[in-house]
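Notes to accompany the following structure.
The values are calculated or read from the model by the stated rules, or taken from the named source; none is laboratory data. Note that the coordinates shown come from a computational prediction; the quantities given were computed from them, not determined experimentally. Using ideal geometry, Cβ is built from the backbone for each residue, glycine included, and neighbour counts are taken over all protein chains shown.
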């Protein structure tokens, strides 16, 4: 397969590029920032909103599959910068679909949305649940979904939408909680940081899946899911953030103290976010294979080796 990945320089994109190469696929990708490591792919420097460059990259690569990862993924960053968030996550998706349509590419498109579109709830969300996007990030992703549905319904484009729940693993940026903790542990062990970890609310609960399992899920979706459908991609096992932090601290070679400050309640906070994975499992047979403890151990080793 010829596979085109937007945002290939990102956390999931790097894992995806390597996995596709191992499968024997021909990998292409666009990147906004320079990749932090060498990727086994044919790369095009391109802002997702640079329509002409994007269209040219698609025309040159003529992919069988497109996996759309490019976007602003930090909720906090999106709240601070809502205009570029909508420009990248929503308008960028529109430009991608327009380019594919104008080129009449007979390709399959995987749109990676987010579980954040569901908003709050006290039970695992199913795909039939109403959405309640509470942040600029969540709204930008849901609007991208709606654009994708329009192109599926109007132009019969082959599009599948995945709502990914939380995932982590080696290579994740420090702005995400478990990567932040792993990085701090590694710095303490190297004598570069104080053995005190400042944390916010650790009672939040989220489903977590290893990024390497997530990559398998994306391939399974492309191979098995019918066009026009929306699926949760999730472990279905909510984890309290405190429990994950304590697993990491238990792997540390030095004692590290947690200092939890008073967390300001924000109107968009979601204390519990979990998903029902049954629809995706029925369609693909996919289930996560990597235990959460190994995910965190590998994440810590990644930061120790940096």
### Message
Condition (residue is in a helix (DSSP H, G or I) and within 30 Å of residue 197 (Cα to Cα)) applied to the range 137-159: is it met by at least one residue?
### Response
yes
### Task
Please give the number of the condition residue 306 fails out of (1) in contact with a strand residue (DSSP E or B) (Cβ under 8 Å, 6 or more places away or on another chain); (2) at pLDDT below 95.
(1)
### Query
From the set of residues in the range 123-136 that are in a loop (DSSP other than H, G, I, E, B) and touching a strand residue (DSSP E or B) at 6+ places or on another chain (Cβ under 6 Å), which is farthest from residue 159 (Cα to Cα)?
124
### Message
If I filter the range 107-130 down to residues being over 18 Å from residue 207 (Cα atoms) and in contact (Cβ under 8 Å) with a residue 12 or more places away in the chain, which single residue comes out as nearest to the chain's Cα centre (by Cα)?
### Response
111
### Query
Which is buried (at least 23 other Cβ atoms within 10 Å of the Cβ) and under 17 Å from the mean Cα position of the chain (by Cα), of 184, 167?
167
